[in-house]
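Every number in this text was worked out from the coordinates using simple rules, so none of it is lab data. The structure displayed is predicted, hence computed values, not measured ones. Glycine gets a Cβ as well: all are built from the backbone with ideal geometry, and neighbour counts include every protein chain shown.
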Amino acid sequence: MAIKITKYCFYMPLKTSVIIVSSLWLIQGIIIIIKTIEFSLDLNLSDQEIAFKQTYTLPIFIIYGIMIIGSLFGLLVVNCANTSKMLFLYSKVAYVILGSNILGINILTIAEIVLHGSIILKECGNLSHICNYEYYHTRTISMRCLDLSYVCNQKYYDITYYIISYAITFILLSVYSVMVISAYAHKKKDKEDVVRHGYQNVKKDAMVDNY
């Protein structure tokens, strides 16, 4: 059954939408690849960051390399080989891009939570030492130290919430984008069927007239 989407974001034609989706995937892939290269070349990394680099740098290159190649293929199809057959092929490629993007976003989400969490824990650890020093010498605890635990936990929660929300939003947009590409392929096929049937009817009429 064809996916009944005629507009993307309620006003843009499907062809334009597919071009925008493919371009955004291309930009996303390039930006993440560049950021990964910059990260892998950084010499001032913590132990956790070094572990992440050794474990996930290659998968990230593969995942977003697939996204770049797939989006370039899509742009080529839409602009140079805009047939339903090629569009259906691109819709299959789009599902591969979707799967790789979900995997990549999950990896990056975990990395962001772990790395930002380690920074927060380090900052809180430094404040904890200050509070311990303060209590040792004064036998009193300031309000800043009393609120330390709450502030640290809340800060970690806020960062985690924003990172996960960002990841979920990107995944949902990617899913909808694949639906748009599939809908455009079905719409193109419907138009080609109409043209082909019209041509066949004209041909039959011509044969009857000749007879």
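Observations on the structure shown:
- When each of the peptides 82-88, 38-44, 66-72 is scored by how many other beta carbons lie within 10 Å of its residues on average, the order from highest to lowest is 66-72, 82-88, 38-44.
- Ordering 159-171, 53-65 by mean Cβ neighbour count within 10 Å, with the highest value first, yields 53-65, 159-171.
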